[in-house]
1. Among the residues of segment 364-371, are any without any contact (Cβ under 8 Å) to a residue 60 or more places away in the chain, within 23 Å of GLN291 (Cα to Cα), assigned by TED's automatic domain parsing to the domain that holds GLU406 and in contact with a Pro (Cβ under 7 Å, 6 or more places away or on another chain)?
2. Mind listing just one residue for me: the one in segment 167-189 that is among the hydroxyl-bearing types (Ser, Thr, Tyr) and buried (at least 24 other Cβ atoms within 10 Å of the Cβ) and, of those, farthest from PRO305 (Cα to Cα)?
3. Return a yes/no flag: does segment 256-265 have any residue that is more than 30 Å from VAL73 (Cβ to Cβ), of a type in the set (S, T, N, Q) and either part of a loop (DSSP other than H, G, I, E, B) or in contact with a helix residue (DSSP H, G or I) (Cβ under 7 Å, 6 or more places away or on another chain) (or both).
4. Considering only residues that are charged (D, E, K, R), under 30 Å from GLY159 (Cβ atoms) and not in a loop (DSSP other than H, G, I, E, B), which ones fall in segment 224-247?
5. Could you check, for segment 117-140, whether at least one of its residues is among the charged types (D, E, K, R), in a helix (DSSP H, G or I) and crowded, with 22+ Cβ neighbours inside 10 Å?
6. With the condition kept exactly as written, say whether any residue in segment 19-32 is in contact (Cβ under 8 Å) with a residue 40 or more places away in the chain, crowded, with 21+ Cβ neighbours inside 10 Å, within 14 Å of the chain's Cα centre (by Cα) and assigned to a loop (DSSP other than H, G, I, E, B).
7. For segment 333-371, name all the residues that are under 16 Å from ASP298 (Cα atoms) and within 22 Å of the chain's Cα centre (by Cα).
8. State all residues of segment 390-409 that are modelled with pLDDT of 95 or more and either more than 25 Å from the chain's Cα centre (by Cα) or not in a loop (DSSP other than H, G, I, E, B) (or both); if no residue qualifies, say none.
Amino acid sequence: MDAIRIRGGRPLHGRVRVSGAKNAALPILCTALLSSGESRLRNVPNLRDINTLAALLRFLGRDTEVSEGVVRVGAEQGTIRPEAPYELVKQMRASVLVLGPLLARYGKAKVSLPGGCAIGARPIDQHLKGLEAMGANIELDRGYVIAKGPKAMGGRLHGAEYRFDVNTVTGTENLMMAAVLAKGRTVLDNCAREPEVEELAHTLNKMGAKVQGAGTSQIRIEGVEALEAFDHAIVADRIEAGTFMVAAAATAGNVLIEQAPMEHLEGFISKLRDAGCRVEREGDGVRVTRQGPLHPVDVTTAPYPDFPTDMQAQFMVLMCLAQGRSVITETIFENRFMHVSELARMGANIEVRGNAAIVQGVAALSGASVMATDLRASASLVIAGLVASSHETDVLRVYHLDRGYEHIEKKLAGLGADIERISGVRA
């Protein structure tokens, strides 16, 4: 099994380029199912999740090629198999995003209930309720969602008004993709406002869809008869950019993060500045520096545009080094403090009380062998290793890291970190 080995204590310097956004790429690749033509997505990161979705698209019957930065989904040939099996879906929660396109295009779908990181219950009830509002008949059978369009309309969904009970990114995306081929008008309320939702809407409109309001709490969709294939380059990954910002700040470095979408990170950047870091736009990127001590800052995760849950673990490492006490409150996922016990192995002083972590800053962290439990926890442990002033840090189970960061050890090494990937480590 691979691990990441780090010898910390080196400030990061130089420049690093942010890869394309995984969370934008995955739903957009699913939109290829809405068209019979050959689609192409560019600026795609080389990640395990991308390859998992490519394998799923091939299983469904679409020839899919993944090359350097480009994924090509071939034109429809022969019969499509509208089924997403457990063996593939269990590897990645985003696989459930094929449900909406399959149901919209073929009038039926059989999709396994999703898996992914173990960071709390993430039910898909909002997806299913919204599809039922569009006329779908939904059954749950032995871990599978079996969905069929209304018989009276030949399996085609119809427009509807639906309000999400809770904010859900994948739920918003699934219903958007289902609605673009539905008959009539669909209005979705209390929608997720993330940039990735906007990027999906932009791609759908390039295909001929009629989607308005993405990026706001209400999305309006006028169904069309058919869609064309797409050729699109995705936006940069805001969470990868934020992760490098924290790494630069934690190591008291000076790093230019190229293609960092500052406009998508305002809630996070304001907290970084409150902690005593300088964050300045420079060209198409952002420069992050720190010379003085870190200040304690309280943060509460919330849906976009507020502080993102996907940056909570990384920011916690920063607060471990601050001069004082900070409180980090997690409101999105109920089980997203699993990195706390691993940071404690490195000398962090953190107490968890319900959905809040009370962090008392320490003078320094010390290297240790630690276990990654999910994608963003993995990144936090890498950052902790970068600042550990004594002993090596081995981050185990880095397959979590490979789901969301493209060659992170190579990018950090390019900034002066003493970091390498090693094989044959027993977890």
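1. no
2. THR186
3. No, segment 256-265 has no match at all.
4. Within segment 224-247, ASP231 is the sole residue that qualifies.
5. From segment 117-140, those among the charged types (D, E, K, R) are 122, 125, 129, 132, 139; that's our starting set.
Adding the requirement that they be in a helix (DSSP H, G or I) leaves 125, 129, 132.
With crowded, with 22+ Cβ neighbours inside 10 Å added as a condition, the list becomes none.
The answer is no, given that none of the residues of segment 117-140 is among the charged types (D, E, K, R), in a helix (DSSP H, G or I) and crowded, with 22+ Cβ neighbours inside 10 Å.
6. yes
7. Across segment 333-371, the qualifying residues are PHE337, ASN355.
8. Hits for segment 390-409 are GLU392, THR393, ASP394, VAL395, LEU396, ILE408, GLU409.
The values are calculated or read from the model by the stated rules, or taken from the named source; none is laboratory data. No experiment lies behind these values; they were computed from the predicted model shown. For neighbour counting, all protein chains shown are included, and Cβ atoms are generated from backbone atoms with ideal geometry for every residue, glycine included.
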